[in-house]
Ligand code: PMP
């Protein structure tokens, strides 16, 4: 209940709600098995290490990686992208090289590259957006020349809902020898993802957007690439031997996991994967499509409401602006009726600038939402139109 009304949670793109099985797994771990991983020889440490590594294997299987060794646990998508920037890219790119991004990137797939570009005098190039919120692929082809050493692109845009043609982008990037990094924050756990089928070198995602706990996420990296990458953070767990004058490092993925990891988080993520696998990713996707189609049709009935982004197929979210009210006022009004929406730039300020809006209001759906909740949102938005108009 929110504001004494039944909650309608349409902020799933920011973070999803958690199934009871995930909440129980966290509690069970801390209650029964809690110990640090890898370092101990006692029973609880063996249990927590086994559970932690089993979670890594589940992630590998879930996204089609060749082996668990290709999965690095991180805090989330943001940290995974920073890892690639500071380790892989920082050690391979040189002054004058270019990185190709798109205008629809989340700040977390933009700012790390800006920081690196400044440090190494790299050129950043951006694939522009067409009016329907899709990438201008003709310009992509023109921008992709031999100076480009890395292409980083979002799979599903969190502010437009656009699903990008990742397979094609990766194939073309591979054609000129560039590495690819895919931001899968809005695709992992939402649609079936197979990193080898996509043909990407790196794939980053967050557990908390796919029914898992906050604080845990993953970087998938192709084995040869991870093995060739230098450490990015130093500390315990990532070393094989340490002398005062220097150290030797473990192979990937442990080389990139300095310090005590989020053990409970990884275990919780594994349980979230079990939950989603039981539902079936195809069913999860079909349900989200049904909700999104219904929302697009019903939002289209509201006069003066502009929807950003493409027609179906698209991700399970709709960003819109209404003439009568600023997104923040709209979100506050919705909250007073028990409806959780998100208003603002959604960490994609360049997208807002491209579409000449200060921000949008975003409704993002998950499989546990209902068509009736969408109808209730429409009634609330119509009331808001009367209230502000
Ligand atoms: N990329 C996209 C497309 C996202 O939607 C988000 C989260 N809003 C992120 C990256 C960053 O994810 P996190 O904050 O979990 O690191």
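So here's what we get for this one:
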{"quantity": "Ratio Rg/Rh, restricted to the chain and using Cα atoms, in which Rh is the Kirkwood radius", "calculated": "0.99"}
{"quantity": "Selected from 93, 341, 244 as most flexible by GNM, with the chain as the system and alpha-carbon contacts under 10 Å", "calculated": "244"}
{"quantity": "Cα-based helix-to-principal-axis angle, 281-299 vs the chain, degrees rounded to 10", "calculated": "30"}
{"quantity": "Gyration tensor (alpha-carbon) shape descriptor, region 1-118, a/c threshold 1.5", "calculated": "oblate"}
{"quantity": "Of 202, 365, 355, the one that fluctuates the most in a GNM where the chain has Cα springs shorter than 10 Å", "calculated": "355"}
{"quantity": "Debye log10 I(q)/I(0) for region 187-296, one point scatterer per Cα, at q = 0.15, 0.20, 0.21 Å⁻¹", "calculated": "-0.79, -1.13, -1.19"}
{"quantity": "Overall dimensions of region 249-321 by Cα: Rg and Dmax, Å", "calculated": "19.7, 61"}
{"quantity": "Of 248, 17, 349, the one that fluctuates the most in a GNM where the chain has Cα springs shorter than 10 Å", "calculated": "248"}
{"quantity": "Inter-part distance where region 248-307 and region 207-232 are each reduced to a Cα centre, Å", "calculated": "14"}
{"quantity": "Cα Rg, Dmax (largest Cα-Cα span) when computed across region 125-183, Å", "calculated": "11.0, 31"}
{"quantity": "Angle in degrees between helix 43-62 and the longest Cα principal axis of the chain, rounded to the nearest 10", "calculated": "60"}
{"quantity": "Nearest 10 degrees, 0 to 90: helix 166-175 Cα axis against the chain principal axis", "calculated": "40"}
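Just so you know, all these numbers are worked out from the coordinates, no wet-lab data involved. Being a predicted model, the structure only gives us computed values, none of them experimental.
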